[in-house]
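The values are calculated or read from the model by the stated rules, or taken from the named source; none is laboratory data. Predicted model only: the values in this text are computed from it and were never measured. Here Cβ is always computed from backbone atoms with ideal geometry, including for glycine, and neighbour counts include all displayed protein chains. Protein only, heavy atoms only, side chains kept; ligands, DNA and RNA dropped before computing areas. Shrake-Rupley method; radii C 1.70, N 1.55, O 1.52, S 1.80 Å.
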Amino acid sequence: MNKKLSLAISLHQDRNLQEAKALYKKLLSENLTLNESEILYTNYANILFLQNSYDLAITFYTKAIEINPQAFKTFFNLGVLYLNISEYLKAKENFLEAIKIKEDYLNAYINLGVCYKKLKKYNLSLKCYEKAIFYKTDDIDARYNKANLLHTLEKYKDAIRQFDIVLSLDKSNYKAYYSKGLSLLALGKYSQALFHYEKAIELKEDYADAHFAKSNILLLYGDYKEGFKEYDYRWEAKNELKKASYNLPFYNNEDLNNKTILIAQEQGFGDNIQFIRFINYLKVKKNPKKIYFAVNNELRTLFEDSFYDIEFVSNNQTLYNVDYYTSLMCLPKILNLDLEDVKIKTPYLTFKANKKKIKKQNFKLHIGFFYQGNKKHKNDKNRSIDAVYFHQLFSLKEVAFYSLQIENVENFKASNVYDCSKSIKDFKDTANIISQLDLVITIDSSIAHLCGALGKNCWVLLPYIPDWRWMIERSDTVWYDSLKLYRQKKDKNWQIVFDKIFKDLNFILEKKDKKFLLNKKNTI
């Protein structure tokens, strides 16, 4: 073999990548044998891949394959590169080529399974993992990937069995403990899920995903002091939540006397409506000179009527003389709040109503409804509801129903159903409509939080595994005095929930007294 190539390979093996790369690059202009060229192109491409020079790496992997079309490892490496840059169809082609050449290529099956999962071809993905397990029954990667796929397919019990096999093979596999916890959570086994998250943390103390998952269980149980401490891991965990970035020190419980603080909005509209209450706590407990709140315009017009001594600004506005910033949902941890502290018996949002009236005459009850949330929400498939479930409610002809949807609006044919979408430009408009109604029936959404903050009666439809803020089993909530919770049972059947709502509405109509709806001492 060429002496320079041998030296380059030696440097490569010793992880002297920059020196190896420089020597490989020089060798590109030298006359080498085909076998030496294949080795050169492959190794050079491997370093380029590691250094994120993807286009150039693809070029040299391709050159190596042209020399040796039977190089299954090169096809595999090229497949992994394409998988890494989310070009799943090209990745699939290369893994299949590698398997054609080497039928029992375990890692190619596992990565092809990952590829098919990304392409949402779940049955093909499952077959790949099973093929890998056929060739090596105790392969941890194959078992772990199969378990995660079964979780995705909502086959939680099967997933747990696979995670148990992984843990029998490797008791220190913290990711398997965490992932098994997710499957246990999906089955409503909260304490078992918590145990597995804590096992994962025991094995890897800084495992952000497990800490964040643990926070959600603690908050479900109402342990707000510990739960909100763990909730800080949300920004480090693998999810869509991003920490707001300002050229300011992040607030860490410093003295705020004679200081100014900027609070950044966080997550969805409902979260901001729910957590803005804590700005008043901050004023009392920390006594800052001035508070800015960076928030979207859709909420700003609503909040400005209720919080006169806060200056509302846009997210990209340049501010001067600000000492610190924090995120809105950090306030419970900053203020060391517990379950009792979140309770507010009186409405904390007010607004200047416009003169537009929406209520129709000759109806005993006026009810708003909302059924489809933001499609980008991570749990939207479980919380949003097909509008068809509301149809049985529309048969109550003594009731007028008002759709509060502004997106995904259904064209309801019933004569007692009214579309309010054209009257809604922001949350202040929605608040104006809600203020005229007797009741709102909604999925877990910003509408529920708006009703609660306004003190308006609202029935909230919750999936079997609820968001942490609604806790477990109870039909009321510490967050809002005017909300009643309707929960899916274990069978995840929305029809049973709507049958109960239909029965409760009939009961109210038979009473012929809307005050019954408003009296919290009465239970239906």
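The table below lists the values:
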quantity: Cβ-Cβ under 7 Å pairs, at least 6 apart or on other chains, the range 242-259 side on the phi > 0 side of the Ramachandran plot, far side at pLDDT 90 or above; calculated: 253/334; 258/289
quantity: Which numbered condition residue 56 fails, given (1) more than 36 Å from the chain's Cα centre (by Cα); (2) without any contact (Cβ under 8 Å) to a residue 24 or more places away in the chain; calculated: (1)
quantity: So residue 183, is it in contact with a helix residue (DSSP H, G or I) (Cβ under 9 Å, 6 or more places away or on another chain) and free of Cβ contacts under 8 Å to residues at least 40 places away in the same chain; calculated: yes
quantity: Options 414, 431: the member that is in a helix (DSSP H, G or I) and of a type in the set (A, V, I, L, M); calculated: 431
quantity: Lone qualifier among 199, 175, 171, 157 - being open to solvent by 30 Å² or more (accessible area, probe 1.4 Å), in a loop (DSSP other than H, G, I, E, B) and among the basic types (Lys, Arg); calculated: 171
quantity: Residue in the range 218-237 that is at pLDDT below 90 and touching a Phe, Trp or Tyr at 6+ places or on another chain (Cβ under 7 Å) present; calculated: no
quantity: Residue list for the range 288-302, restricted to those being hydrophobic (A, V, I, L, M, F, W, C) and farther than 22 Å from residue 324 by Cα; calculated: 299, 302
quantity: Condition check for residue 297: out of contact with any strand residue (DSSP E or B) (no Cβ under 8 Å at 6 or more places or on another chain) and farther than 15 Å from residue 253 by Cβ; calculated: yes
quantity: Any hit, the range 159-174, residues being over 26 Å from residue 108 (Cα atoms) and either free of Cβ contacts under 8 Å to residues at least 40 places away in the same chain or not basic (Lys, Arg) (or both); calculated: no
quantity: Of all residues in the range 59-87 being within 39 Å of the chain's Cα centre (by Cα) and aliphatic (A, V, I, L, M), the one that is nearest to residue 33 (Cα to Cα); calculated: 78
quantity: Filter result (part of a loop (DSSP other than H, G, I, E, B) and surrounded by 13 or more Cβ atoms within 10 Å (Cβ to Cβ)) within the range 329-352; calculated: 335, 336, 337, 338, 344, 347, 348, 349, 350, 351
quantity: Top-ranked residue in the range 474-518 [being modelled with pLDDT under 90 and of a type in the set (Asp, Glu); ranked as least open to solvent (accessible area, probe 1.4 Å)]; calculated: 513
quantity: Every residue from the range 92-120 that is open to solvent by 20 Å² or more (accessible area, probe 1.4 Å), farther than 16 Å from residue 139 by Cβ and part of a helix (DSSP H, G or I); calculated: 92, 93, 96, 97, 100, 101, 116, 117, 118
quantity: Residues that are open to solvent by 60 Å² or more (accessible area, probe 1.4 Å) and touching a residue at least 60 places away in the same chain (Cβ under 8 Å), drawn from the range 353-375; calculated: 353, 354, 356, 357, 359, 364, 374
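Yes/no per residue for (1) in contact (Cβ under 8 Å) with a residue 24 or more places away in the chain; (2) within 24 Å of residue 499 (Cβ to Cβ); (3) open to solvent by 50 Å² or more (accessible area, probe 1.4 Å):
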residue	(1), (2), (3)
381	no, yes, yes
385	yes, yes, no
395	no, yes, yes
414	no, yes, no
421	no, no, no
442	yes, yes, no
463	yes, yes, no
